[in-house]
């Protein structure tokens with residue numbers, strides 16, 4: 001009788017240990033999965049807020065670069081993210097005048113112009129980037145960006161009107177933390193690179209960017225033909241080359257804006 005009682009006691013202890021271990025493991029699993037889901041939701045919401053703020057920023061840039069406003073300010077809440085005016089997006093525009101024309105010397109090229117993008121980044125989760133009038137959002141994977149705001153350019157049946165906006169940081173180009181940052185934007189220079197009424201066989205726009213596929217989708221939606229596309233890989237940016245034919249009016253403006261984090 002004594003032996004049977006001892007065995008029953010040992011069995012109850014083992015059962016208790018197993019049940020307790022199962023409870024602890026379950027609680028730990030729920031906590032781990034739940035905490036990760038909460039983190040993902042928080043990061044997603046931060047990107048949503050940043051996307052809305054960047055849409056306002058793009059409006060303010062257009063006020064300064066195209067509508068003559070002396071300056072504009074845009075507030076963005078970081079919430080454990082970083083904001084920087086760094087990186088490189090290169091754009092060049094070329095116009096080939098009608099073949100055989102006596103005005104063939106009017107061929108046009110901007111050369112490579114480097115635009116410093118403004119980027120809101122949440123660790124490896126994702127980023128929102130403004131470059132050349134476009135706002136792009138990605139989920140952290142190279143080349144995954146989608147254009148959530150298109151540049152204010154014109155590609156009609158017979159004309160191309162393109163504005164190149166370069167951001168030049170004043171002071172520190174990077175700020176990080178949880179505070180609310182005000183981005184002050186002011187005009188530093190504005191130059192009409194070409195304003196020509198003629199007939200160009202082809203106007204070609206080349207973009208070198210981490211988000212080359214997003215630029216390709218944008219240009220193709222505007223009716224341009226994009227044949228040369230190199231997808232981004234690792235630290236190497238992608239490239240896209242798109243062409244519009246039989247352009248009778250070519251207007252390209254270059255604007256340099258100074259940005260300050262306050």
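The values are calculated or read from the model by the stated rules, or taken from the named source; none is laboratory data. Computed from a prediction, not measured in an experiment: that's the story for all the values here. Neighbour counts run over all protein chains shown; Cβ positions are idealised from the backbone, glycine included.
State which residue is farthest from the chain's Cα centre (by Cα) when the search covers only region 237-262 and only residues that are in a strand (DSSP E or B) and under 20 Å from residue 146 (Cβ atoms).
Narrowing region 237-262 to residues in a strand (DSSP E or B): 238-261.
From what's left, under 20 Å from residue 146 (Cβ atoms): 238-240, 242.
Details: 238: 14, 239: 15, 240: 16, 242: 19 Å.
Within region 237-262, the match that is farthest from the chain's Cα centre (by Cα) is 242.
As an exercise: evaluate residue 165 against (1) farther than 16 Å from residue 85 by Cα; (2) in contact with a strand residue (DSSP E or B) (Cβ under 6 Å, 6 or more places away or on another chain) and give the number of the one condition it does not meet.
Exception for residue 165: condition (1).
On the basis of being exposed (fewer than 15 other Cβ atoms within 10 Å of the Cβ), over 14 Å from the mean Cα position of the chain (by Cα) and modelled with pLDDT of 90 or more, does residue 101 make the cut? Write out each step before concluding.
Numbers: exposed (fewer than 15 other Cβ atoms within 10 Å of the Cβ): yes; over 14 Å from the mean Cα position of the chain (by Cα): yes; modelled with pLDDT of 90 or more: no.
No; evaluated as a whole, the condition is false for this residue.
Can you tell me which residues in region 104-116 are exposed (fewer than 15 other Cβ atoms within 10 Å of the Cβ) and either modelled with pLDDT of 70 or more or closer than 26 Å to residue 237 by Cα (or both)? Spell out the reasoning first.
Here is the first cut: in region 104-116, the residues exposed (fewer than 15 other Cβ atoms within 10 Å of the Cβ) are 104-105, 107, 109, 111-112, 114.
Of everything in region 104-116, those that are exposed (fewer than 15 other Cβ atoms within 10 Å of the Cβ) and either modelled with pLDDT of 70 or more or closer than 26 Å to residue 237 by Cα (or both) turn out to be 107, 109, 111, 112, 114.
Tell me, yes or no, whether region 199-220 has at least one residue that is more than 22 Å from the chain's Cα centre (by Cα), modelled with pLDDT under 95 and surrounded by fewer than 13 Cβ atoms within 10 Å (Cβ to Cβ).
no
Hey, any hits in region 151-158 for a residue that's modelled with pLDDT of 90 or more, over 26 Å from residue 66 (Cβ atoms) and assigned to a strand (DSSP E or B)?
no
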